[in-house]
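The values are calculated or read from the model by the stated rules, or taken from the named source; none is laboratory data. Only a predicted model underlies this, so the values are computations on that prediction, with no experimental measurement involved. Glycine gets a Cβ as well: all are built from the backbone with ideal geometry, and neighbour counts include every protein chain shown. Side chains are part of the model used for accessible areas, which takes the heavy atoms of the whole protein and leaves out ligands, DNA and RNA. Shrake-Rupley method; radii C 1.70, N 1.55, O 1.52, S 1.80 Å.
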Amino acid sequence: MTALNLATQNGLRPEAAEIATSPLAIRGLTVSYGEKPAIFSVDMTIRPGSMTAIIGPNGAGKSTLLKAALGIIRPLSGQTTVFGRPLDTQRARIAYVPQRASVDWDFPTTVLDVVLMGLYRELGLLRLVRSSHRKTAIDALQRVGMADFADRQIGQLSGGQQQRVFLARALAQGADLYLLDEPFAGVDAATEKAIIAVLKSLKAVGKTVVAVHHDLATVEQYFDHAFLINVRPVAEGTVAEAFTAESLQAAYGGRLATAQIDRLSQAG
Ligand code: ADP
Ligand code: MG
């Protein structure tokens, strides 16, 4: 029996049961940087163990959605629950890989140190790095094919290599929910393959992955669920349910290459 069925059986209404079992459930989230909201009244319910693509045009509020859901920026209104509990009690279970363009790559630190940052909760106040921590970090670097670079300065790596290191940091954390903001942006094909393999291996052991994804051509191949947004939520569900010509038209309007919509119209 699924967790959702169990929660329903325990007397919760379907909506409440869904929230109680969701790795990330957002209700009524509105964020504004100025007068116009960047995201407006967003509800999103991520399925346990799913791989969800967050899709929408530039400026649609995708990064804002992740940051507000994590409490990195303060929303005007709305709630987030993580595994049915308040966000603040569940932070150790969430790994976040920000959009690469938003990170300062010039700070003087080694690849190993960046990955060890993923373990800061375990390192404690004194930041004591034990050999077991170092092993966890090296294991994570191995999984993304970057173990040979452990002693390099992070600023000396290519964009794709940096992205792998930040994924390694998320892996070292041993989280249950992985939020990634455009993990494939500006990376080479080999890195994209390596990253998707790691994400699929996380899903295979029951972890939940949510990624902002801008390449519409690979949505069906990489993800099983999709959430379309353009300031307001547009569609949510399995890729078959949500990634349709209609919802793409609604999210992108005239901004989408018509070839993409034609292809989906013919397929569906
Ligand atoms: P996306 O990730 O979908 O491209 P963002 O969430 O980055 O979109 O941005 C949504 C909107 O909010 C955009 O119009 C963007 O210009 C604006 N915005 C994002 N961050 C800030 C900020 N720190 N200050 C002011 N406006 C911002
Ligand atoms: Mg963004």
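Computed values, structure above
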quantity: Under 5 Å, built H, 5+ apart or other chain: amide partners of Arg152; calculated: Val111, Leu112
quantity: Bins of 10 Å, starting at 0 and running to the largest distance - Cα pair percent for region 27-97; calculated: 18, 54, 26, 2
quantity: Lysine pairs in the chain with Cα atoms under 25 Å, if 8 or more residues apart or on separate chains; calculated: 15
quantity: Net charge over other residues, Cβ less than 15 angstrom from the Cβ of Arg27 (K, R count +1; D, E count -1); calculated: -1
quantity: Efficiency of FRET from Cβ geometry, Ala189 and Arg91, R₀ 45 Å, rounded to 0.05; calculated: 0.85
quantity: Neighbour net charge for Gly61 - beta-carbon separation under 11 angstrom, K R +1, D E -1; calculated: +4
quantity: Amide proton proximity set for Ile39, modelled H, under 5 Å, gap of 5+; calculated: Val31
quantity: With all protein chains modelled, accessible area of Tyr222 [1.4 Å, Å²]; calculated: 30 Å²
quantity: Length released on extending from Arg27 to Asp106, taking residue separation times 0.36 nm less the Cα-Cα span; calculated: 24.7 nm
quantity: Gained length - Glu246 relative to Ser132, 0.36 nm times residue gap less alpha-carbon distance; calculated: 35.9 nm
quantity: Surface/4 of the Cα convex hull for region 122-197, nm²; calculated: 5.7 nm²
quantity: Hull-based mean projected area of the chain, where the convex hull spans the alpha carbons, in square nanometres; calculated: 15.8 nm²
quantity: DSSP beta bridge pairing in the chain, given as percent antiparallel to the nearest 5; calculated: 55 percent
quantity: Under Karplus coefficients 6.51, -1.76 and 1.60, residue-wise ³J(HN,Hα) of region 43-54 in Hz, glycine/proline x; calculated: 10, 8, 10, 7, 7, x, x, 8, 10, 10, 8, 9
quantity: Between region 207-230 and region 33-76, the Cα center-to-center distance that results, in Å; calculated: 14 Å
quantity: Accessible carbon and sulfur surface of the chain relative to its total accessible area, %, 1.4 Å; calculated: 52 percent
quantity: Computed FRET value (nearest 0.05) for Arg152 with Asp215, which takes r as the C-beta separation and R₀ as 30 Å; calculated: 0.60
